Amino acid sequence: LLMNHLDNQPVGASESKLRLPKRTQSSKNDHHDEMEPGISKSDVMLNFAIEVVVMEVKGLKSLPPNRIVFCVMEVEGHSKLQTDQAEASRPIWDTSGDFKTHQPLPIIKVKLCMETQNILQDNKELGRVIIRPDPNFTRASTWYVMEKTNNKFPDELKIKLTIRFDKPANLKMCGYV
């Protein structure tokens, strides 16, 4: 009886007539009529927009001023984006990275890297910061202390980031409990 009542109710405020698939008690397997519309996973998928703006880095005192540094931004499960290159004496970028995700509680990783002079060697990672924003996250520019990946590097690194995390219009509340 409940399934019949639910079957007659529209799903959401959209104009399309999506209906829940009917269940039959006579069948042991849950086979649905192929012609009857139902709710698919894409109908209820949430899309979050994340914008990460890398502003600047402080604390590169022990690096030679002409060394080239850059930042790499990544949202878990997406491709990485890289800032332009800057000299260690003036590490200022103001570079924006836009990401789309289905995760309501994503993980953002920003790494500070130094370009190596050896072509065969990978770029050297100096520090990283891991941020777990939610849609209630502050939009103001904030300084984050970076975790050093190389213990030989004596400086305390700080990075200034602005993070905007927009929730979908049809989502009323979300975040950490």
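Can you tell me which residues in segment 79-98 are touching a strand residue (DSSP E or B) at 6+ places or on another chain (Cβ under 8 Å) and open to solvent by 70 Å² or more (accessible area, probe 1.4 Å)?
Those that are touching a strand residue (DSSP E or B) at 6+ places or on another chain (Cβ under 8 Å) and open to solvent by 70 Å² or more (accessible area, probe 1.4 Å): Lys80, Gln82, Asp84, Gln85, Glu87, Ile92, Asp94, Asp98.
Of the numbered conditions (1) at pLDDT below 90; (2) touching a Gly at 6+ places or on another chain (Cβ under 6 Å); (3) under 15 Å from Leu63 (Cα atoms), Asn136 satisfies every one except a single condition; which is it?
Looking at each condition in turn, Asn136 falls short on (3).
Considering (1) modelled with pLDDT under 80; (2) over 19 Å from the mean Cα position of the chain (by Cα); (3) closer than 19 Å to Met55 by Cβ, say which one Gln117 fails and leave the rest.
(3)
Across segment 153-177, which residue is modelled with the lowest pLDDT among those that are within 22 Å of Arg90 (Cα to Cα) and part of a loop (DSSP other than H, G, I, E, B)?
Phe153
Considering each of Arg128, Arg90 in turn, give the residue that is assigned to a loop (DSSP other than H, G, I, E, B) and charged (D, E, K, R).
That would be Arg90, the only listed residue that is assigned to a loop (DSSP other than H, G, I, E, B) and charged (D, E, K, R).
Among the numbered conditions (1) in contact with a strand residue (DSSP E or B) (Cβ under 9 Å, 6 or more places away or on another chain); (2) open to solvent by 90 Å² or more (accessible area, probe 1.4 Å), tell me where Arg128 comes up short.
Unmet condition: (2).
Could you identify the single residue in Pro64, Pro37, Pro10, Pro21 that is closer than 30 Å to Leu112 by Cα and either modelled with pLDDT of 85 or more or in a loop (DSSP other than H, G, I, E, B) (or both)? Lay out the reasoning, then the answer.
Values: Pro37 fails: closer than 30 Å to Leu112 by Cα; Pro10 fails: closer than 30 Å to Leu112 by Cα; Pro21 fails: closer than 30 Å to Leu112 by Cα.
After applying the criteria, what remains is Pro64.
The values are calculated or read from the model by the stated rules, or taken from the named source; none is laboratory data. What you see is a predicted model, and the numbers here were worked out from it, not measured in a lab. Virtual Cβ from ideal backbone geometry, glycine too; neighbours counted across all protein chains shown. Remember, those area values only see protein heavy atoms, side chains included, never the ligands or the DNA or RNA. Shrake-Rupley method; radii C 1.70, N 1.55, O 1.52, S 1.80 Å.
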